[in-house]
Each structure stands twice: as structure tokens, then as C-alpha cells.
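Engineer: Encoded as C-alpha cells, here's the structure I'll be asking about.
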Amino acid sequence: QQREGTCKVRRDHKEDGSNLGKWLSAQRISKKKETLDHKYQKQLEELGVVWNVLENQWEEMFALLVQFQQREGTCKVRRDHKEDGSNLGKWLSAQRISKKKETLDHKYQKQLEE
């Protein structure tokens, strides 16, 4: 975290020969199962560990959409548009497809419609 400035660790990331990504994934699973010691959970949270990676990624992309909308005055994003290095257009297209298929989480759909 100190070196990278984030606790976003790919599952296959190794640090000093140890599989840090796999270990962190195991901690997330333990927390979800409510078997992670609260002391360890607190330490990880103080480092900035994100427990729900997919939800965090969705929220980050949504924040980029808000940024785009505030700057451009619209949410009409070209499919190939990148915002701050992230493929916002592709992400938004995937959200629209999920909505049509009725597979988009209701919470996310509500956020997009506001």
C-alpha cells in the first residue's frame, strides 16, 4: 500500500515471492463468511482494503460517468471513449445491455437513472 498508494492487488500478484493476491482474496472470502478475525479485518480496513471488489469497480466507473456528464452535459458516451484511462464507453454499453436483458442490479439501475 505504501509503495503503490493503493490496496488494489491483482489475484495473481506476487510480492517478495509470496502470492499476495491469493492471500488477500482468501481474506475477502473469510470476511464474507464472517470468519475473519475482527482485529485483522480492522487492520486491513485501515490500509484501505476494499472488500467488495466488483462493487468498488462499478462505483469507480459510475464516478467517471458523473465526471463525464458534468463536463459534457450528457451521458451519451461513445463506445470507444476512455475517461481517465478507463474504458467508460465500453462499461456504459455493458450496463445498457444488462438493463435490456434485465440482469442489471436494481441498485445500479437506480443510480444510472438518477
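The values are calculated or read from the model by the stated rules, or taken from the named source; none is laboratory data. This structure is a prediction, so every number in the text was calculated from the model and none was measured. Note: accessible area is taken over every heavy atom of the protein model, side chains too, but ligands, DNA and RNA are not part of it. Shrake-Rupley method; radii C 1.70, N 1.55, O 1.52, S 1.80 Å.
Engineer: Can you send over the solvent-accessible area of residue 35, 1.4 Å probe, protein chains only, in Å² to the nearest 10?
Structural biologist: Estimated to the nearest 10 Å², residue 35 gives 100 Å².
Engineer: Would you list 68, 62 from the most to the least accessible area, probe 1.4 Å?
Structural biologist: From most accessible down to least: 62, 68.
Engineer: Strictly over 26 Å apart at the Cα level, which of 14/107; 8/90; 33/107; 32/76 would you flag in this model?
Structural biologist: 14/107; 32/76
Engineer: On to the next question. Against the longest alpha carbon principal axis of the chain, how many degrees, from 0 to 90 and to the nearest 10, is the axis of helix 20-32 turned?
Structural biologist: Helix 20-32 and the main axis of the chain meet at about 80 degrees.
Engineer: Return a whole-number percent for the relative contact order of segment 1-110, with Cα pairs under 8 Å and 6 or more residues apart as the contact set.
Structural biologist: 14 percent.
Engineer: So with the 1.4 Å probe, I'd like the accessible area per residue for the chain, rounded to whole Å².
Structural biologist: On a per-residue basis, the chain sits at 78 Å².
Engineer: If you roll a 1.4 Å probe over the chain with all protein chains in place, what percent of the accessible area is carbon or sulfur?
Structural biologist: Carbon with sulfur: 48 percent of the solvent-accessible area.
Engineer: The list [x] 9.4; [y] 11.4; [z] 9.9 gives values of mean projected area of the Cα convex hull in nm², and only one came from this structure; which label was calculated from it?
Structural biologist: [x]
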